[in-house]
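Just below is one structure, and these are the notes that go with it.
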Amino acid sequence: MLRTVKPKNARSKRALDAREPKEVEDARTAIFVKGSHSGEKVNNVMKDLMALKRPNAISFSKKNVVRPFEDASSLDFWSQKNDAGLFIVGQSTKKRPDGLVFVRMFDNRVLDMCEIGVEGYQAMSEFKTPKSTPGHKPLMHFASELFDTHPRFQQLKSMLMDFFNGEEIDSICLPGIEHVISVTLAPTPSSLNSATTRLDPSSSKNEDDTKSLPKIHIRTYTIKLLASGTRIPRVELVPMGPSLDLVLRRHQDPDAEVLKQAMRRPKLKKQDVEKGLGKKRKNMEVDEMGDLRGRIHVAKQDLGRLQTRKMKGLKAGQSEDVNMSDAEEDGRSTKRQKSG
Amino acid sequence: MDVSAILAAHEAKKQAVTVEKEIPLELDTGLLAVTDLNPIDCESYNENLEDYLTSTARDGVQALIAALFSLPTSSSADGPLAQLPPPATQLPRAKPLPKPKPLTKWEKFARAKGIQKKRKDKKVWDEEKQEWVNKWGWKGANKDKEVQWLTEVPANADVDFNPSQAARAERKEKMAKNERKHLQNLARAQAAQGTPNESGKVPQSQRKQLIDYTLATTRVSTASMGKFDRTLEGEKKLKGVKRKFDAAEVSAEKEKSSNLTILSKLDREPAAKKSKNSSGDSVLNVRKAVRAVSGGRGSATLARKAGGKGNKGKR
């Protein structure tokens, strides 16, 4: 554990304050770590993933002896030091060639981990097509029923969403939507189809289990919007790269107690709720005293139907006498002025 | 005129932007994600992998784009901004929820009284210099008295009275007081919280200890150090509590002085009585007289009555 630092000047205080927990969090920063040996393939995969994750990415250029599943203390330390919430550890061993470990942190401690093996890989540079702008948010596409049923794939989906798109935003610039990351599984094997319902809790039994899991295909496309004649454009996809074919390997589920802490949502302030959380709520606002104020627009009053003093001469049937009665009223008002 | 061709073209356009699926797509526009829960088509998957992946992705993205483009928008310099709903998928937080800051003594008081916080300007207008100056800090207006070339000195001031130094001392005293209050607030917050552990809670053992400590303090607060107090069931006997007696033999000097203090106390009139008879040795008890005349309503009512009568007459 690091010792707690007391800021000595305003600048370092601001920097420390920026690291304090927030109600609505920023995107997680990802650190790319090379293990004791990572082959060329894994290195390139990490480089491409980093290109997609920029600017919330930090690269550790040197090798590190780190085994996340055995000892996560280094990860905790780096997380605190760099204020990072995600790790991608690339490691290639004889037993598990071309492995990538996605590690998610909570409060500078490991929350959960998921190891994947890279089988097929095409680099971004191999596609001679336009690329997306760094920093733009991608769309995410997941295809397979397993993302809803199988705990391993639920975790993977959550992990990838956190990696590429975790930040909560309240609005997005529509012309800024440039690319999509598509995650598709291979056809569900028949063993899994029946087994998931039966053996759901024991789905992470052993090594054999991961062998039966379907492959994962991650593809990245840029989006071309074509005019369709309606408000909604027609979408065409152009492969951008990288394209990855992956298999699931080891994993570590989050601790139930820690996960409960991590899933807590902030109680939204009344004022924010009144304001509609970005949704349009017309003619209502909360003033600085905390009172809800409404604005009422009253239509133009129809004075013609106003009930005045009832008189014989003003009856509905005698419309031709209107001018006369007007004059009469005028006369009376002047009289009253004189007396007063 | 044959419009069927136009209609067909329009229909085709509509078809191009709508997606039909057996199981409808799950959209999470808040996180810009779409999940296609339809089972993977084995045949087309094996036939041509890339084409199949692209076509499924296109369908999903088309649905998502349709949802995004139909959201309410606001305009900006870079184009329309779609207002996103809150995300449907809950992702774990990276850090725990922020803890509420402990209130200072003033903040607590202000909240109880309903006093709103007023933001003060840091600058004030200086008529002489004809510009805005800081109230405090660098070239602050609160240092004016220390630097002005002429100062009025009170008539009863000492010979060596230095007005600029006095003003400075007063200012420094204010700063020191503020700092003292700040430290007290910190200490109060610390005491209210105990010393919380990592999960942000005061451990139970510590709270228990605190209660025991308070209880022990109250038990020895009687003159007999709690010797004759009724004990409760399961109450432990306090250890190390002993009465302290003065020594039997003291020097004559000390004994005399202590006895004299007792005597002087006996002779004195009680403070409460003293204040009542503040009017001196007058025979008339004014308070009683006022009470009798006003019928117990007080002197203010009496005065108003007398004044009112006079006024009425004039009118």
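Yes/no per residue for (1) more than 7 Å from every other protein chain (Cβ to nearest Cβ); (2) among the hydroxyl-bearing types (Ser, Thr, Tyr); (3) in contact with a Gly (Cβ under 8 Å, 6 or more places away or on another chain):
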residue: A:92; (1), (2), (3): yes, yes, yes
residue: A:113; (1), (2), (3): yes, no, no
residue: A:120; (1), (2), (3): yes, no, no
residue: A:130; (1), (2), (3): yes, no, no
residue: A:143; (1), (2), (3): no, no, yes
residue: A:150; (1), (2), (3): yes, no, no
residue: A:169; (1), (2), (3): no, no, no
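So which of B:95, B:108, B:117, B:99 is among the charged types (D, E, K, R) and away from chain A (no Cβ under 11 Å)? Break it down stepwise before answering.
Working: B:95 fails: away from chain A (no Cβ under 11 Å); B:117 fails: away from chain A (no Cβ under 11 Å); B:99 fails: away from chain A (no Cβ under 11 Å).
Result: B:108 is the single residue among B:95, B:108, B:117, B:99 that is among the charged types (D, E, K, R) and away from chain A (no Cβ under 11 Å).
The C-beta contact set for the stretch B:219-233 (first residue in contact (Cβ under 8 Å) with a residue 60 or more places away in the chain, second residue assigned to a loop (DSSP other than H, G, I, E, B), distance under 9 angstrom, 6+ apart or interchain) is empty. If the condition is being under 20 Å from residue B:192 (Cα atoms) and surrounded by fewer than 10 Cβ atoms within 10 Å (Cβ to Cβ), then the stretch B:215-250 contributes only B:217. A residue that is at pLDDT 90 or above and polar (S, T, N, Q) occurs nowhere in the stretch B:115-129. When residue B:216 is tested against (1) aliphatic (A, V, I, L, M); (2) at pLDDT below 90; (3) assigned to a loop (DSSP other than H, G, I, E, B), just one condition goes unmet, and that condition is (3). Restricting the stretch A:171-215 to residues that are out of contact with any helix residue (DSSP H, G or I) (no Cβ under 8 Å at 6 or more places or on another chain) and at pLDDT 85 or above leaves a set whose member that is surrounded by the fewest Cβ atoms within 10 Å (Cβ to Cβ) is A:175.
Against the definition (more than 21 Å from residue A:245 (Cβ to Cβ), in contact with a helix residue (DSSP H, G or I) (Cβ under 7 Å, 6 or more places away or on another chain), touching a residue at least 24 places away in the same chain (Cβ under 8 Å) and surrounded by fewer than 19 Cβ atoms within 10 Å (Cβ to Cβ)), how does residue B:85 come out, yes or no? Full working, then the answer.
Numbers: more than 21 Å from residue A:245 (Cβ to Cβ): yes; in contact with a helix residue (DSSP H, G or I) (Cβ under 7 Å, 6 or more places away or on another chain): yes; touching a residue at least 24 places away in the same chain (Cβ under 8 Å): yes; surrounded by fewer than 19 Cβ atoms within 10 Å (Cβ to Cβ): yes.
When the stated conditions are applied, residue B:85 passes them.
Each residue in the stretch A:52-74 was checked for being under 20 Å from residue A:117 (Cα atoms) and in a helix (DSSP H, G or I), and 2 of them qualify. Could you tell me whether the stretch A:18-38 includes any residue that is of a type outside the set (Phe, Trp, Tyr) and assigned to a helix (DSSP H, G or I)? Checking the stretch A:18-38: at least one residue is of a type outside the set (Phe, Trp, Tyr) and assigned to a helix (DSSP H, G or I). For first residues located in the stretch B:296-311 and closer than 18 Å to residue B:286 by Cα, partners that are part of a helix (DSSP H, G or I) and at pLDDT 75 or above and lie 6+ apart or on another chain with Cβ distances below 6 Å form the pairs B:299/B:290; B:301/B:294; B:302/B:294. Among the residues making up the stretch A:95-111, those that are assigned to a strand (DSSP E or B) and within 14 Å of chain B (Cβ to nearest Cβ) are A:102, A:103, A:104, A:105, A:106, A:109, A:110, A:111.
Consider residue A:85 carefully, then state whether it is over 27 Å from the mean Cα position of the chain (by Cα) and within 14 Å of chain B (Cβ to nearest Cβ).
Criteria not met by residue A:85.
Could you grab me the full set of residues in the stretch A:223-233 that are surrounded by fewer than 19 Cβ atoms within 10 Å (Cβ to Cβ) and either in a strand (DSSP E or B) or of a type in the set (Gly, Ala, Ser) (or both)?
Initially, the stretch A:223-233 is screened for residues surrounded by fewer than 19 Cβ atoms within 10 Å (Cβ to Cβ), giving A:224-231.
Residues satisfying the conditions are A:224, A:225, A:226, A:227, A:228, A:229.
Mind checking whether some residue in the stretch B:33-41 is more than 7 Å from every other protein chain (Cβ to nearest Cβ), at pLDDT 90 or above and not in a loop (DSSP other than H, G, I, E, B)? No - not one qualifying residue is present in the stretch B:33-41.
For beta carbons closer than 8 Å, sequence separation of 6+ or different chains, a first residue in the stretch B:46-62 that is within 7 Å of chain A (Cβ to nearest Cβ) and a second that is in a helix (DSSP H, G or I) and buried (at least 20 other Cβ atoms within 10 Å of the Cβ), the qualifying pairs are B:62/B:17. Out of the residues in the stretch B:7-25 meeting the condition of being facing chain A (nearest Cβ under 9 Å) and in contact with a helix residue (DSSP H, G or I) (Cβ under 8 Å, 6 or more places away or on another chain), tell me which one is farthest from residue A:148 (Cα to Cα). Ranking the qualifying residues of the stretch B:7-25, first place goes to B:17.
Note on the stretch A:216-252: residues that are among the small types (Gly, Ala, Ser) and at the interface with chain B (Cβ under 7 Å from one of its Cβ atoms) total 2.
Look through the stretch B:251-285, keep the residues that are part of a loop (DSSP other than H, G, I, E, B) and surrounded by 10 or more Cβ atoms within 10 Å (Cβ to Cβ), and return whichever of them is modelled with the lowest pLDDT. Top of the filtered list is B:279.
Scanning the stretch A:136-170 for residues that are surrounded by 20 or more Cβ atoms within 10 Å (Cβ to Cβ), within 16 Å of the chain's Cα centre (by Cα), modelled with pLDDT of 90 or more and assigned to a loop (DSSP other than H, G, I, E, B) returns a single hit, A:138. Reported count of residues in the stretch B:138-160, each being in contact with a strand residue (DSSP E or B) (Cβ under 9 Å, 6 or more places away or on another chain) and assigned to a loop (DSSP other than H, G, I, E, B), is 2.
The values are calculated or read from the model by the stated rules, or taken from the named source; none is laboratory data. It should be emphasised that the depicted structure is a prediction, and the values quoted were computed from it without experimental measurement. Virtual Cβ from ideal backbone geometry, glycine too; neighbours counted across all protein chains shown.
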